Amino acid sequence: KKYVVALGCLFLMAMIGLSVKMFDERPQINVAIESSNQPFSFEQQGKITGFDAELMEAIAGKIGVKIVYRPIALENMFEAIEKGYADVAVGSLSVTEDRKKLVSFTVPYIEDGGLSALVKGRKITTASELAGLIVGVDGGSTGELLAKGVDGAQVRPYLSNIDMARDF
């Protein structure tokens, strides 16, 4: 008898959970997000989480919409909006004059300033010192544009920080 009650409760909980998802009539917003950029956005147990995702969820709660994440490489973010695959994009998106021609930006909510990792003992203080070196960058980032402006730097764009870390 206990098992029947327990199974009945589990079934009822599952049905309630499904009905909430099935009958969620809130408007949907498709969000382009680069899902391998810890701690800002990453997948954990099949769900996108991190600072950017939590920020979007908070905004969605305030304006009454549901979010559908569209994981996409940084280099394709603006094209995804332009072609209607996503309504908005969230992530480490630097504001540039060229990008302002494509999309509208919010007031920046974080300034990360970029990141570099070097061989132990190597010191680089100017961009020109990258000449002759292999420079890994996020594909489509402003970091890629800057690195390509250094004469002699061998610039390798990557789809994710994880891919870049594995290669180096």
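Since every read-out is calculated from the coordinates, none of them should be taken as a lab result. Note that the structure is predicted; figures quoted are calculated from it, not measured. Cβ atoms come from the backbone with ideal geometry, glycine included; neighbour counts cover every protein chain shown.
Data overview
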item: Stokes-Einstein translational diffusion, the range 47-91 - Kirkwood Rh over all Cα pairs, 0.890 mPa s, 25 °C, in µm²/s; result: 218
item: Neighbour cut-off at most 14 other Cβ (10 Å), DSSP loop, trypsin sites (Lys or Arg not before Pro), the range 119-168; result: 120, 122, 123
item: Label-zone membership for the range 34-63, site residue 85, 7 angstrom Cα→C-beta point, backbone N under 12 Å; result: 34
item: Two-site FRET efficiency, residue 166 against residue 25, from Cβ-Cβ distance with R₀ of 41 Å, rounded to 0.05; result: 0.45
item: About the Cα centre, charge dipole magnitude for the range 48-168 (Lys/Arg +1, Asp/Glu -1 at Cβ), debye; result: 120
item: Under-5 Å amide H pairs with residue 89, H placed in peptide plane, nonlocal only; result: 32
item: Virtual spin-label span in nm between residue 126 and residue 65, 7 Å along Cα→Cβ; result: 4.7
item: Restricting the range 39-135 to GluC sites (Glu not before Pro) in coil, as DSSP defines it, with at most 15 other Cβ within 10 Å; result: 111
item: Distance between modelled label sites at residue 38 and residue 57, nm, 7 Å Cα→Cβ extension; result: 1.8
item: Over 30 Å between alpha carbons, listed pairs 62/148; 62/101; 101/123; result: 62/148; 101/123
item: Over the range 65-115, volume per residue of the alpha carbon convex hull, in Å³; result: 111
item: Amide H contacts under 5 Å for residue 155, placed H, 5+ residues apart; result: 135
